[in-house]
Amino acid sequence: MKLLVTGGAGYVGSVVTAQLLEAGHEVVVLDDLSTGHADAVPAGARLVQGTLREKAAGVLAEGGFDAVLHFAAKSLVGESVQKPWLYWDGNLGESLALLDAMRAAGTSRIVFSSTAATYGEPEETPIVETAPTRPTNPYGMSKLAIDTALAEYARLFGIGAVSLRYFNVAGARLVEGGAQGERHAVETHLIPNVLKVALGEKESVSVFGEDYPTPDGTCLRDYIHVVDLGVAHLLALDACAPSTHQIFNLGSGSGYSVREVIDMCREVTGHAIPAEVGPRRPGDPAILVASSEKIRTALGWKPERDLRAMVTDAWTFVQGR
Ligand code: UDP
């Protein structure tokens, strides 16, 4: 297939681009490089630099595109609370421009990076796709609005759309002669921050709260290896069906605590990794775990790589940089 990957210079987008190329697809990456890296785009994909508003219509008008995989987004929860307009415009506005470009060009399939943040504070875990969607920040709100737009475009214009709702993504894709992993200028995520301590770039890691109603008092999260996540995108691409918007959670059904993650990083790296307990981070739910029943049943997907593999691959990746 001929595919447009928006945000293909970012963490998840670059991994999926590599997997699509490996599967024999032709890939054009559209990325404004505001947070992505040109050198993360795998060799074999053509990179067009620009925003979706600036470039999506022109690229799709070349013709022959079978589908779009849409990763380009702003994704910092804290920033979204400070500057919500960046998220309404940058996520929803840009995505609407993409959808109109697809309609004009007759490209009728899209796989979208949605998020667990669309659910907000869960009433029940593991979270199922029919759970109420009550985002607690503009980031989650903007992603939910895009999911709604996809459902509308499916109903009104017959596109086939799949939204994949990610929980915690970790790890790296390691191949001979190249690797794709997490490289954020502002790093908020747990595993890369713990590995910075192992690398000697930080003195200690802060544990954001130890008084949650969980077995060891720290938050539980559902971590998925980025390579497993990518596999789900390839399956979703094949599952796009005309006039239908489908939503799948991407999780494992179980969680790891912040303490368990830090312990695994100690084991894998062989470094002591001092940890200091600090206050809770505002907005963090105690437990965020996804049910993956729906995608297992519908697409036959299940995560294959455990926390040890995620930390091991992320560690190899950051050491190579
Ligand atoms: N966390 C932490 N210290 C850090 C970064 C994160 O204790 O330096 C905790 C955070 O409070 C949450 C978990 O680790 O409970 C995962 O956070 P992350 O930002 O990686 O992902 P999120 O679940 O917020 O999407």
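Bear in mind that the values in this text are calculations on the coordinates, not laboratory data. Quick caveat, the model's predicted, so the values are computed rather than measured. No Cβ is skipped: glycine too gets one built from the backbone with ideal geometry, and neighbour counts run over all protein chains shown.
Values for this structure:
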read-out	value
Residue 35 touching a strand residue (DSSP E or B) at 6+ places or on another chain (Cβ under 6 Å) and of a type outside the set (A, V, I, L, M)	no
Check on residue 72, touching a residue at least 24 places away in the same chain (Cβ under 8 Å), part of a loop (DSSP other than H, G, I, E, B), crowded, with 23+ Cβ neighbours inside 10 Å and not basic (Lys, Arg)	yes
Unique match (being under 17 Å from residue 169 (Cβ atoms) and of a type outside the set (Phe, Trp, Tyr)) among 289, 268	289
Where residue 146 falls short, out of the listed (1) within 16 Å of the ligand (Cβ to nearest atom); (2) part of a helix (DSSP H, G or I); (3) β-branched (Val, Ile, Thr)	(1)
Close pairs (7 angstrom Cβ cut-off, 6 or more residues apart or separate chains): touching a residue at least 12 places away in the same chain (Cβ under 8 Å) in the stretch 284-305, part of a helix (DSSP H, G or I) and within 16 Å of the ligand (Cβ to nearest atom) anywhere	288/116; 290/116
Set 179, 185, 172, 131: member being without any contact (Cβ under 8 Å) to a residue 40 or more places away in the chain and away from the ligand (no atom under 13 Å from the Cβ)	131
Test: residue 263 is surrounded by 15 or more Cβ atoms within 10 Å (Cβ to Cβ), closer than 20 Å to residue 19 by Cβ and charged (D, E, K, R)	no
Residues being surrounded by 19 or more Cβ atoms within 10 Å (Cβ to Cβ) and not hydrophobic (A, V, I, L, M, F, W, C) - total across the stretch 193-212	1
Cβ-Cβ under 7 Å pairs, at least 6 apart or on other chains, the stretch 257-277 side over 15 Å from residue 208 (Cα atoms) and more than 11 Å from the ligand (Cβ to nearest atom), far side of a type in the set (Gly, Ala, Ser) and in a loop (DSSP other than H, G, I, E, B)	266/272
